[in-house]
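The values are calculated or read from the model by the stated rules, or taken from the named source; none is laboratory data. Being a predicted model, the structure only gives us computed values, none of them experimental. Cβ atoms come from the backbone with ideal geometry, glycine included; neighbour counts cover every protein chain shown.
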Amino acid sequence: MSLPEVDAPGRHVRTGTPVQAEFGGTRFTAKEFIADLSQAGVFLPTELILEPRTEGTLTFRATRYEEPFTVRAEIAVAFPPGNAVYEGEPGVGVMLKDLTPALRDRLDRMVDGTRDGSIVESIRRAVREGTKSLEQQLRGRPTDQKLMLAMQAEGPEIDALLKEGNPVVVTRLLKNPRLQIPHVRVLTRDARLTTPILLAVGKKREWIEDDEILFNFCKHPKAPRHEVKRRIVNLSLGKIRELILAPGVHPEVRAEAKKFSRGR
């Protein structure tokens, strides 16, 4: 789903935001982070796919310090995993209904503030003007603010978020266009990485074609072994030999590396 970030005739401003939302009804509840927010609705990346026209209540807020929005809503469109129409992550588009003028005004201000990066700027200003380091500042911030920073982070901010290693934040950081191959090399050395993050790295060709990233992927204890076996053949001979000798490599992976080493 390609969602515009600027106004167009008949459309609303949409902005990427890590606001956590809960969409619920009589027999279901879906708690996810919003990928896109506008004055008309939200897109929730989720594998809990609800049928279009399903009605419920949507509750969300920009930070834990704000009064939550609670509005009636309806599923407008659904993209299940592996569908042929939409190649992005699975999810549902939720349309807001019966917004009062007061709620619409709050939502307008929230969308504008998110798009303008006001939360991110507050973090940067606190670092510039305070006595705490960036890492110390982040340690005391709620996850939703770190998620916001992850979408706009650059330089030392990316390094600090990678070092902290929060899997939810790192997942969002993978979508930051400023994330470069050296960052991903550092990322894939982290033993705390989750399997979904490793799989997300593996889906991006320019990353997984890098010999060091691929080596880290194959060596990582959380990487699915069927994926590792499939990708070992793409390692250079030097990296395959390094993988054979590396400590902590799963026996199946080591055996597969030995097989390819003998065949070259």
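At-a-glance table
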| read-out | value |
| --- | --- |
| Segment 33-44, residues that are modelled with pLDDT under 80 and part of a strand (DSSP E or B) | Phe33, Asp36, Leu37, Ser38 |
| Segments classed as helices (runs of 4 or more DSSP H), wholly inside segment 186-264, with at least 3 members that are surrounded by 13 or more Cβ atoms within 10 Å (Cβ to Cβ) and in the same structural domain as Val170 (by TED's automatic domain parsing) | 195-203, 211-219, 225-231, 237-245, 251-262 |
| Close pairs from segment 97-109: first modelled with pLDDT of 80 or more, partner part of a helix (DSSP H, G or I), Cβ under 9 Å, at least 6 apart | Leu99/Leu107 |
| Leu138 being over 21 Å from Asp210 (Cβ atoms), among the aliphatic types (A, V, I, L, M), outside the structural domain of Trp207 (by TED's automatic domain parsing) and not in a loop (DSSP other than H, G, I, E, B) | yes |
| Residue list for segment 172-184, restricted to those being crowded, with 17+ Cβ neighbours inside 10 Å and free of Cβ contacts under 8 Å to residues at least 60 places away in the same chain | Leu173, Leu174, Asn176, Leu179, His183, Val184 |
| Residue match in segment 174-192 (condition: closer than 30 Å to Asp211 by Cβ and among the hydroxyl-bearing types (Ser, Thr, Tyr)) | yes |
| Unique match (being of a type in the set (Gly, Ala, Ser), out of contact with any Ser or Thr (no Cβ under 7 Å at 6 or more places or on another chain) and modelled with pLDDT under 70) among Gly56, Gly117 | Gly117 |
| Filtered residues of segment 225-264 (kept if more than 18 Å from Asp211 (Cα to Cα) and of a type in the set (Gly, Ala, Ser)) | Gly248, Ala255, Gly263 |
